[in-house]
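Visitor: This is the structure I have questions about; it appears just below.
The values are calculated or read from the model by the stated rules, or taken from the named source; none is laboratory data. This is a predicted model, so every value here is computed, not measured. Counting neighbours? That spans all protein chains shown, and the Cβs are built from the backbone with ideal geometry, glycine included.
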Amino acid sequence: MRPTSDPRPGSSSAAAPRTSWLQTLRVYLEPASLRMLTLGFSAGLPLLLVLGTLSFRLREAGIDRSTIGYLSWVGLAYGFKWAWAPLVDRLPIPLLTRLMGRRRSWLLLSQGLVVAGLVGMALADPRLTLGPIVWCALAVAFGSATQDIALDAFRIESADADHQAALAATYQTGYRLAMIWAGAGVLWLAARAEVAPALGQAVAQGAAAYQQGAWRTAYLAMAASMAVGVVTVLFSREPAPVQLPPARSAAEWLQGALVAPFADFLRRYGWQAALILALIAVYRISDVVMGIMANPFYVDMGYTKDEVAAVTKVYGVIMTLVGAFVGGVLSMRLGVMRILMLGAALSACTNLLFAWLAGYGHDVTALIAVVSADNLASGIASAAFIAYLSSLTNVRYSATQYALFSSMMLLAPKFIAGFSGDYVNAFGYAQFFTATALLGAPVLALVWLASRVKTPSGTQP
């Protein structure tokens, strides 16, 4: 049951007793936390397959960096998910909702769309034409964004406010594991599926020639990996539905589904809503803008699939898990806003390490250090940020309001990232990574200002 009073985001009620470290850590073994681990995996799997990993695949196929940058706008589907979030929040799916409940039915439908899109991407060859792979990537992005809407509501409705940081941490752990599987794992699978190239088929910088059969195998394996989330949904319990008064007309339904969630947020925060939305809009800008060119950077620096996969799979996994765990625990002990500030600073600083690597040259040990630091910072920042966003929502409109927040998080960064290939072509990788680090400077000021905002009491039933 959610508390009737609503303290500042990230802090506990003044009347709540202080828990021990053992009690704090035990929450990670609760069933709700374990479900978030596997559902987080399902949520994190599609993202890189239509963005980061796809950029590696396209660059290896000979697609120029500017085109890769523009194609990253497929990810804008995540930035506009607030537009159909009210439908996911309120609209039942014929037969399926009656059998499974509102949240689980939308989760299953969206997961099916993701699987179909990944199969299409597996069969499409970007060397022949980009059209089919772009349309399938759009289907994956739309299905993934819809899954995020339903899953965020499922998570928020599955526990009270004091447990949201723990759920966010386990969700983020599963999410990051999936991103590593969809990033390093797919490269490892594609490398294993390659056949020895004929003479004259090697491309520039010593990278292996593009092989469609290898990428087809890898993407089909990714589609099969979505079974983790599907099985979890089938065996999960639908959270207790929030009872909403029945709409007496279509106009009243639209008022409740579309207008009320946004009006509620503005009513609760007033003019401070603009500050909160500004922070949400730019908090992850350094990571998102930099991430589009990370895999083309690895290809152009001469790193092989095996090298990138090994580094991100071993060291990336370890540091991501550490980061998500540390971010979740520290958020519960010290408050979300302090860790939000720490995560923002670390995320910007680690981009400077990529700028250093661009000048240092091809070196696997250096890549290990840079990727490890980047994943640690990202894990800390993400765990705190998800807990912060969860604290802002009213449970009556959890899917719609959280979709608004998470969409704002991606909209501006994804749009700017579309020009990243042009920037790299004009100024080089080192200046690009430095510029993305500087994009994070205003975030620190916004976190400080947002920490002064007090959540109105009595808004989360």
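Visitor: Give me a count of the residues in segment 185-220 that are within 21 Å of residue 117 (Cα to Cα) and at pLDDT below 75.
Guide: Total satisfying the criteria: 0.
Visitor: Where residues in segment 322-349 are touching a residue at least 60 places away in the same chain (Cβ under 8 Å) and over 19 Å from residue 167 (Cα atoms), which of them is surrounded by the fewest Cβ atoms within 10 Å (Cβ to Cβ)?
Guide: By that ranking, first place goes to 349.
Visitor: Ok, one more. Could you list all residues from segment 81-104 that are of a type outside the set (D, E, K, R), modelled with pLDDT of 80 or more and in a helix (DSSP H, G or I)?
Guide: Across segment 81-104, the qualifying residues are 87, 88, 96, 97, 99, 100.
Visitor: Also: Is it fair to say residue 223 is surrounded by 14 or more Cβ atoms within 10 Å (Cβ to Cβ) and at pLDDT 80 or above?
Guide: Yes.
Visitor: Across segment 420-456, which residue is modelled with the highest pLDDT among those that are under 28 Å from residue 353 (Cα atoms) and not in a helix (DSSP H, G or I)?
Guide: For segment 420-456, the residue satisfying everything is 428.
Visitor: Show me the helices (runs of 4 or more DSSP H) found entirely inside segment 248-327 where at least 2 residues are modelled with pLDDT of 85 or more and basic (Lys, Arg).
Guide: Of the helices (runs of 4 or more DSSP H) lying wholly inside segment 248-327, none has at least 2 residues that are modelled with pLDDT of 85 or more and basic (Lys, Arg).
Visitor: Any chance segment 57-76 includes a residue that's touching a residue at least 24 places away in the same chain (Cβ under 8 Å), within 26 Å of residue 321 (Cβ to Cβ), crowded, with 22+ Cβ neighbours inside 10 Å and among the aliphatic types (A, V, I, L, M)?
Guide: no
Visitor: Taking the stated definitions as given, is residue 98 at negative phi and either touching a residue at least 24 places away in the same chain (Cβ under 8 Å) or in contact with a Lys or Arg (Cβ under 6 Å, 6 or more places away or on another chain) (or both)?
Guide: When the stated conditions are applied, residue 98 does not pass them.
Visitor: If you don't mind, there's one more thing I want to ask. Testing residue 459 on (1) among the hydroxyl-bearing types (Ser, Thr, Tyr); (2) within 30 Å of residue 67 (Cβ to Cβ); (3) surrounded by fewer than 23 Cβ atoms within 10 Å (Cβ to Cβ); (4) at pLDDT below 80, one condition comes back false. Which one is that?
Guide: Every condition holds for residue 459 apart from (2).
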